[in-house]
Amino acid sequence: MNERLLHTDHYHVVFSGPAALTEAWRREPHEVIDSLFAAVRKTMRTESKRCGLRFGYVAQFHSHGEGLCYKPHLHCLITAGGMDGAGRWQSGHRLNEQTLRVDFVRRILEETGKRLSPRVACEVHKGKGEWSVYGTLHRHSPEALVGYFARSLHGVVCGSEEGVTGTDEEVTIDGRNGSRRGVRTLSRAEFLRRYLAHIPPWKAVTVRHYGLYATRSVAVLESARAQIAAGGDGSGSEEGEWDGEEVCPDCTTPMSVAYTFQPYEVPALLTRMKRVRGSPVGHGECIRIEEITA
């Protein structure tokens with residue numbers, strides 16, 4: 001996958017749903033997986049028509065959340081730019097989470113209504129207020145995310161960075177979710193039950209390529225690649241080119257540092273910052289900071 005991706009800015013966007021979607025996935029996994037992919041594909045098609053650009057994006061299905069919990073959702077790697085109608089690469093497109101969410105909710109309710117049994121679909125539709133779309137922008141190259149996608153592609157739902165220890169009766173998972181760290185203890189039987197449940201169902205396609213990254217778009221993709229290589233795509237031009245001095249210690253993605261705080265300022269900062277989409281603040285997410293007064 002890494003060889004196919006364009007060397008440009010990419011968004012990492014997650015599309016997820018309410019607890020009712022989890023129950024639906026446990027009953028009818030193929031139908032939920034296909035509904036998620038179809039809803040995201042149609043949502044991105046609408047976004048493409050709205051801005052007049054053809055994006056490249058890769059979508060990957062995940063069934064697990066922190067601590068091997070059940071949480072069906074899609075991770076998408078989306079180019080922050082695309083090809084216009086004249087075949088020219090246009091960079092710097094900004095995705096609007098709220099716009100994507102509104103369209104995604106409408107699409108996923110349509111798709112689950114068509115694919116799921118009536119009773120299960122009705123339960124999913126009751127949770128429509130809990131649908132979530134959120135994303136982060138990764139500058140210049142998506143390479144830092146490729147390993148994350150690849151690991152889950154092969155069914156590894158708890159990796160070596162998560163300390164998995166066990167006794168004859170229990171298994172403890174000590175892992176990190178961005179800046180948060182959580183410890184969960186499961187019985188050995190429950191650990192095995194959850195791990196095995198996350199193995200994709202037979203013949204399920206869990207990674208799909210769309211737009212510029214679709215197999216049939218090879219010629220257009222190569223044209224975009226040539227244009228980016230020849231003239232640069234302007235990635236990061238709003239905030240200045242990355243000078244290679246600041247790299248995130250967790251994911252090695254180039255960072256744009258807006259503020260630097262002294263140690264004595266941190267306690268006051270933590271009481272005044274709010275995550276853009278709620279709480280708490282996680283890795284790679286934006287925060288709003290009120291002015292800190294002495």
Ranked on Cβ counts within 10 Å of their own Cβ, fewest leading, Glu111, Glu97, Glu170 go Glu170, Glu97, Glu111
Taking the beta-carbon count within 10 Å as an exposure proxy, list Thr22, Thr167 from fewest neighbours to most.
Thr167, Thr22
Residues Phe37, Phe104, sorted so that the one with the fewest Cβ neighbours within 10 Å comes first:
Phe37, Phe104
Taking 0.36 nm per intervening residue step and subtracting the Cα-Cα distance, what contour gain separates Ser132 from Ala150 on full extension?
4.1 nm
Quick check: net charge around Ala59, other residues with Cβ under 9 Å of its Cβ, Lys/Arg +1 and Asp/Glu -1?
+2
Highest first, please rank the peptides 23-30, 76-83 by the mean number of other Cβ atoms sitting within 10 Å of their residues.
76-83, 23-30
Stretchable slack from Thr185 to Ile199, in nm (0.36 nm times residue separation minus alpha-carbon distance)
3.0 nm
If packing is taken as the average count of other Cβ atoms within 10 Å, what order do 213-221, 195-203, 7-15 fall into, highest mean first?
7-15, 213-221, 195-203
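Every number in this text was worked out from the coordinates using simple rules, so none of it is lab data. These figures come from a predicted structure and were not determined experimentally. Positions of Cβ are generated from backbone atoms using ideal geometry, with glycine treated the same way; all protein chains shown enter the neighbour counts.
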